[in-house]
Amino acid sequence: MKIKDVCAQTGLTRKAIEYYESKGLIDPIKEENGYRFFSNNDVKTLKEISLLRKLELSTSEISEILNSKEPNQVLLQVQETKQLQQSMLQRKVVLLRKLVEGHHPSEINKELEAMEKSLSIKERLLHKFPGYVGKLFILHFGTYLEVPIETTEQEEAYNEVIRFLDNLEEMELSVEIQKLLNEVTLLMTDLSMNDEEISNWNKEKIEFVNNPKTWIRENKSIIQQYNRIKNTDEFLKFKPLSNRLKQFMQSSGYYNIFIPAMCKLSPDYAKYQEQLLSVNNKYKSEISEM
């Protein structure tokens, strides 16, 4: 169909459609006479672009979504980024008002620096890594990072954690393992898994290391069910991924760089890690027998 018909169907202007074409978001057929022919798929894409633009997504974000094999994962990343940006924006609006009222810029700058430092370690890390790296990191460590950084040693450890995560090379995985990893990632970062559920999951881990005998006794049936699941064909599909992750963590410095930095960053995590190793060594055989 011609561009005027596309405008009528999508509600977009001719200039907007030409702009999205120039950005590579659509690729209509160019006829010999110079006119463009838009397919039904082009119209569908333009309607999606229009929706996402109304939601204030940038063309680069939209491009990433359109070109992704897992668009829902990209949408989740964008949503988390927008939420973080909104929270910071509200704080900065207050400071902007102060600047308008005549407060000195150096005072505003100090408050901005204080704002950064007043954030919890978890918030600061999510600002640094708003996508799945940050989400999965917080899923595992978030319970121990609800407080701000207070010491020079913690600040140094924080920077070490940032460097480690930022320089972490991607693993080379087979197509099948990548598919499995995408499924797990989507499950763990699904919107239905809210902060309360993540918090409850972390509390369960802490309860285990604090009262292992009680936890094992109360969760005996769950442990036995898990041991049965471990022998199923579906679970065994993840065995190559598990082995690859272990090798990757060993070679990347996860155990000798990242974990020591985490222990310095969070005294609570250091205590948990110590208890976990003790409990693991003491009760591993008991759980296996169960």
The range 50-79 and the range 225-275 have their Cα centres apart by a whole-number Å value of 32 Å
Given pairs K246/K271; K15/K82; K44/K69; K128/K246; K4/K30; K92/K117 and cut-off 20 Å on Cα-Cα distance, the over-length ones are K246/K271; K15/K82; K128/K246
Result for the range 10-119: accessible area per residue, probe 1.4 angstrom, in square angstrom, of 68 Å²
Given all pairs of distinct Cα atoms, the range 238-280 yields a Kirkwood Rh in Å of 11.5 Å
Highest mean packing first, using Cβ neighbours within 10 angstrom, the peptides 101-113, 54-66, 258-270 sort as 258-270, 54-66, 101-113
Two pseudo-spin positions, 7 Å from Cα along C-beta at M249 and at Y226, lie apart in nanometres by 1.4 nm
Pseudo-spin-label distance K47 to T59, built 7 Å along Cα→Cβ, given in nm, is 2.3 nm
Applied in sequence order to the range 214-222, the curve 6.51 cos²θ - 1.76 cosθ + 1.60 (Karplus, θ = phi - 60°) yields integer Hz couplings, x standing for Gly and Pro, of 5, 4, 5, 5, 6, 10, 4, 5, 5
For the range 1-54, the percent of accessible surface on carbon and sulfur atoms (probe 1.4 angstrom, ligands and nucleic acids excluded) is 49 percent
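The values are calculated or read from the model by the stated rules, or taken from the named source; none is laboratory data. All values reported here derive from a predicted model rather than from experimental measurement. Positions of Cβ are generated from backbone atoms using ideal geometry, with glycine treated the same way; all protein chains shown enter the neighbour counts. Surface areas here come from the heavy atoms of the whole protein model, side chains and all, with no ligands, DNA or RNA. Shrake-Rupley method; radii C 1.70, N 1.55, O 1.52, S 1.80 Å.
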